[in-house]
Structures are given as structure tokens and as C-alpha cells.
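**Student:** My questions will all concern the structure given below.
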Amino acid sequence: MDVHLITHAESIPEVQAVAGPDAVVHAVHGFTRPEFLVPRRQADARAALGLPAIGKIVLVSGGGWGVGDIEGAVEEALTVEGVVRVVCLCGRNEALRARLAERFAGQPRVRVEGFTDVMPEWMAAGDVLVHSTGGLTVLESLMRGSPAISYGWGRGHIRLNNAAYRRFGLADVVGGREELRAAIRRALDSGRLPVNGFAELPSAASFVLAAARPD
């Protein structure tokens, strides 16, 4: 490989441990939608999505698959003081969406959504993300300044992601439902995260073009 492009600078030593100490590795932006780098006031995002202007909002996501203990995460989030809305992002799992809509039909603080193409808006509106499948969604949450909690799945490659989240403090990893309520409280008490740095990263395209130019 001529160049390795990654989403987290924390991964550079790991890549070089595999590819060699002389491997060229750069942390870049460009693997997420550009809207994640555009500043968005929380109040404006909430108004656009029809969410309460005041109070804490918890996003619960099962990724594109809609997997993990989504129902348990919603139930725990509802017990946290100050939470006025829990938004379930079910991805393309229509069975999950229907089940949650029925389960929480009488709970006005729960909002169930299917696949969405306005994830940057949700991330700007929420105060914490509880997510089951790790990966780019956690990065997107950090880019929006919303703390992330990894919970509810923990299988396959997600086990490696969770180990890295713990090692670098990128996300709070929760092993069981009994720990989730406290993790949500911690995130809400700590507040939103600084987002400085992501926009200043070089673009992935710039390195691709540089490598493609003839000498």
C-alpha cells in the first residue's frame, strides 16, 4: 500500500504495527457525510425535527441493521431524570420498528424512527447516543459533540471496537443493562463534547489525488 487513510488518529500505531513502522498513515475526513462538519445549533436541529427545545434527548440506535437490546436501552433511558424524549433509530429493520411502536405506543416520551437520511441533524439535536454496532456512527456522534455509549450487541468486530473505545476513551462501553442507566447519567451530566479538530483534518481525496498523479 502507498498510503493508509483512517478515521481515528488513535489507530495509527495499530496500522503501523501491521503494515510496518514506515507505513504512511493519515487520519482524514471524507468517510462521513460532509454535513457532519457543518456547525449546527442544537436548538435549530431540534426545531427542524419537531423535538422539545428544553430537556435531555437520548438517541438509541441499532445501526443500519437495527440490532441489539434497543428495547432495554429505551427503558433504561426513560428512568433517567431530565430525559424528555428517547428517539429510537431502527435503521432498515421494519420488524423492530413495528415492535417498538407497539411496545411504547402509550409512552409520549418515546419516538420511533425507521431509516433516516438526516443523521447529522439527529446527532446535533441529541445529548447522548446509545449505539449497538460501533463504527462510523460513533465517529459521527463525536463529530457532532454528542457523547456515545456502546451497548447492546458486542459481537464480531464490535468487540475490537469496544476495546479501542475503552483504551482511548472515545466512548463509554457498557457490558450489561444494569450499567446502562449510570452511563447515560454520566454522559448527560458531563454535557456535550468539544468538536474541534475534525474539520481541520486533511481530506481523504487529497491523498488519493496526490498518490494518483504521475511523477
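**Student:** On average, how much area does the Cα convex hull of region 12-93 cover when viewed from any direction, in nm²?
**Tutor:** Taking the Cα atoms of region 12-93, their convex hull projects to 8.5 nm² on average.
**Student:** Ignoring solvent entirely, what values of log10 I(q)/I(0) come out of the Debye formula for region 4-45 at 0.23 Å⁻¹ when each Cα is a single scatterer?
**Tutor:** For region 4-45 at q = 0.23 Å⁻¹, log10 I(q)/I(0) is -0.75.
**Student:** What part of the accessible area of region 124-215, given as a whole %, is carbon or sulfur when the probe is 1.4 angstrom?
**Tutor:** 54
**Student:** For region 130-215, count all C-alpha to C-alpha pairs, find those more than 15 Å apart, and express that count as a whole percent of the total.
**Tutor:** Taking all Cα-Cα pairs of region 130-215, the fraction more than 15 Å apart is 64 percent.
**Student:** For the chain, just the Cα atoms, rotate onto the principal axes and tell me the three extents in Å, largest first.
**Tutor:** Sorted largest first, the three principal extents are 65, 34, 33 Å.
**Student:** Right, another one. Build a GNM of the chain with springs between Cα atoms under 10 Å: which of Val128, Val60, Val24 gets the top mean-square fluctuation?
**Tutor:** Val24
**Student:** Rounded, prolate or oblate for region 57-180? Axes are the square roots of the Cα gyration tensor eigenvalues, ordered a ≥ b ≥ c, and the cut-off for rounded is a/c under 1.5.
**Tutor:** rounded
**Student:** What FRET efficiency, computed as 1/(1 + (r/R0)^6) with R0 = 35 Å and r the Cβ-Cβ distance, is obtained for Ala182 and Arg213, rounded to the nearest 0.05?
**Tutor:** E(calc), rounded to 0.05, equals 0.10.
**Student:** Excluding ligands, DNA and RNA, what is the solvent-accessible area per residue of region 59-190 at a probe of 1.4 Å, expressed in Å²?
**Tutor:** Accessible area per residue, region 59-190: 43 Å².
The values are calculated or read from the model by the stated rules, or taken from the named source; none is laboratory data. In this text the structure is predicted, and so the values were computed from the model without any measurement. Because the Cβ atoms are built from the backbone with ideal geometry, glycine has one as well, and the counts that use them run over all protein chains shown. Remember, those area values only see protein heavy atoms, side chains included, never the ligands or the DNA or RNA. Shrake-Rupley method; radii C 1.70, N 1.55, O 1.52, S 1.80 Å.
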